[in-house]
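**Student:** To start, I am sharing the structure in question, which I have written as structure tokens.
The values are calculated or read from the model by the stated rules, or taken from the named source; none is laboratory data. Quantities reported herein were computed from a predicted structural model and do not represent experimental measurements. No Cβ is skipped: glycine too gets one built from the backbone with ideal geometry, and neighbour counts run over all protein chains shown.
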Amino acid sequence: MLPPLGFTLLRALSDGDFHSGEALAASVGLTRARVSQVLREAEMVGLKLERIRGRGYRLLDALPFLDRAAVVGKLGAVAAGLTIDIVDTVDSTNSELLRRATRGDVHRHLLAAEWQTAGRGRRGRAWTAVAGGSLTFSLGWRFERGAGFLAGLSLAVGVALARALESAGFDGIALKWPNDLVHRHCKLGGILIELTGDALGPSLAVIGVGLNVRLPPAARSEIAQAVTDLAAIAGGRRIDRNAVLAGIVTELATMLEGYARDGFAPLRGEWQRRHAFQKKPVKIVLPDGDTARGDVVGVDADGALVLDQGGRRLRFVTGEVSLRRP
Ligand code: BTN
């Protein structure tokens, strides 16, 4: 695991320029040998460094690190309604926000982390991300209503993410039921919503979002499915993760205010337009391994997937089922 000091060093290197071992050591008050060791640990978690004798170290594929002031600046007036916390390392932003919720109110709290040591995906899977090359964050939102009303929330979050990325100039982003963000059928991001509270409300949703910004090959090889990242979609354009985060949070806050009033129904048409498998044949894998095939009709007002199987309508709720190409 990368020690906090590693982040201090990586921040110093995040400009992409060469920094000598002496200068880095002096900036953190360590020996050059310790700096070299910490940077080796950074390489082990997926960062690419160049070392040249006489010049020092340079971070390849450098991306500016997350910076609270930059995010707040780009959020403008939206920031006033949010509590914003950006940390270097946490086990999982969802887990941390759920822990904080046991001690106080986390409504409208945003927690973003540069690196998660135990990021969680849907259906008990791990979520792979890399410091400097991903966006991993969670937003707490309280609703007066309960779980039934929130059934379509993860689909609504997908719409907000797609809107934000489209406005930031990333074209061709689609959704895959229930809540994957995809580009040309490769996974770009995921959403994990965890609910607490009474069945009839009020309830707290911890909305976790993971987005691939620039995943190094080592991180890709850990993921058991076809993945893509914003860098591939941007085609060489420099990506400002602080701006992308601020754009997403702005869209999310607007969407969530609307959802609290009207639920998923007003977003259903847009979700279907963005669905990568709309009107296409698919295979559904059930928790016991059984499969069902059919053509996607769309989603209903609760976000359940509706398939047509030879004239018979089948309805699947989000949860344990997954959708595949036939
Ligand atoms: C999926 O399986 O597609 C959902 C992935 C959700 C990952 C995000 S990263 C931020 C938040 N914290 C977590 O531990 N998981 C979510």
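**Student:** How about the stretch 168-201: which of its residues are of a type in the set (A, V, I, L, M, F, W, C) and part of a strand (DSSP E or B)?
**Tutor:** ILE173, ALA174, LEU175, LEU181, VAL182, CYS186, LEU188, ILE191, LEU192, ILE193, LEU195
**Student:** Looking at this structure, is ALA219 hydrophobic (A, V, I, L, M, F, W, C), more than 16 Å from the ligand (Cβ to nearest atom) and under 30 Å from LEU49 (Cβ atoms)?
**Tutor:** When the stated conditions are applied, ALA219 does not pass them.
**Student:** Working only within the stretch 233-267, note down all residues that are in contact (Cβ under 8 Å) with a residue 60 or more places away in the chain and charged (D, E, K, R).
**Tutor:** ARG237, ASP240, ARG241, GLU251
**Student:** Here are some conditions: (1) surrounded by 17 or more Cβ atoms within 10 Å (Cβ to Cβ); (2) touching a Phe, Trp or Tyr at 6+ places or on another chain (Cβ under 7 Å). LEU75 meets all but one. Which one does it not meet?
**Tutor:** (2)
**Student:** Please find, within the stretch 189-212, the residue that is surrounded by the fewest Cβ atoms within 10 Å (Cβ to Cβ) out of those that are more than 10 Å from the ligand (Cβ to nearest atom) and not small (Gly, Ala, Ser).
**Tutor:** Step by step, filter the stretch 189-212, then rank; the result is ASP198.
**Student:** Taking LEU314 as the residue in question, decide whether it is in the same structural domain as ARG145 (by TED's automatic domain parsing), in contact with a Leu (Cβ under 8 Å, 6 or more places away or on another chain) and not in a loop (DSSP other than H, G, I, E, B).
**Tutor:** So LEU314 fails the test.
**Student:** Next up: Before we move on, is ALA118 near the ligand (Cβ under 9 Å from one of its atoms) and part of a loop (DSSP other than H, G, I, E, B)?
**Tutor:** Judged against the criteria, ALA118 is a match.
**Student:** Filter the stretch 81-105 for residues that are away from the ligand (no atom under 16 Å from the Cβ) and more than 18 Å from ASN242 (Cβ to Cβ) and give the result.
**Tutor:** Selection gives GLY81, THR102, ARG103, GLY104, ASP105.
**Student:** Also, I was wondering about something else. Quick one: in the stretch 238-252, which of the residues that are touching a strand residue (DSSP E or B) at 6+ places or on another chain (Cβ under 8 Å) and not charged (D, E, K, R) is farthest from GLY133 (Cα to Cα)?
**Tutor:** Top of the filtered list is LEU252.
**Student:** On to the next question. Can you name the residue in the stretch 121-137 that is part of a loop (DSSP other than H, G, I, E, B) and of a type in the set (A, V, I, L, M, F, W, C) and is also modelled with the lowest pLDDT among such residues?
**Tutor:** ALA131
**Student:** Here are some residues: LEU204, LEU165. Which one is modelled with pLDDT of 95 or more, part of a strand (DSSP E or B) and either within 27 Å of ALA42 (Cβ to Cβ) or not hydroxyl-bearing (Ser, Thr, Tyr) (or both)?
**Tutor:** When all the criteria are applied, what remains is LEU204.
**Student:** For the stretch 197-232, name all the residues that are polar (S, T, N, Q) and in contact (Cβ under 8 Å) with a residue 12 or more places away in the chain.
**Tutor:** SER203, ASN212, GLN225, THR228
**Student:** Provide a single number: the residues in the stretch 121-170 that are in contact with an Asp or Glu (Cβ under 7 Å, 6 or more places away or on another chain) and either within 11 Å of the ligand (Cβ to nearest atom) or under 22 Å from ALA224 (Cβ atoms) (or both).
**Tutor:** Looking only at that region, the number is 3.
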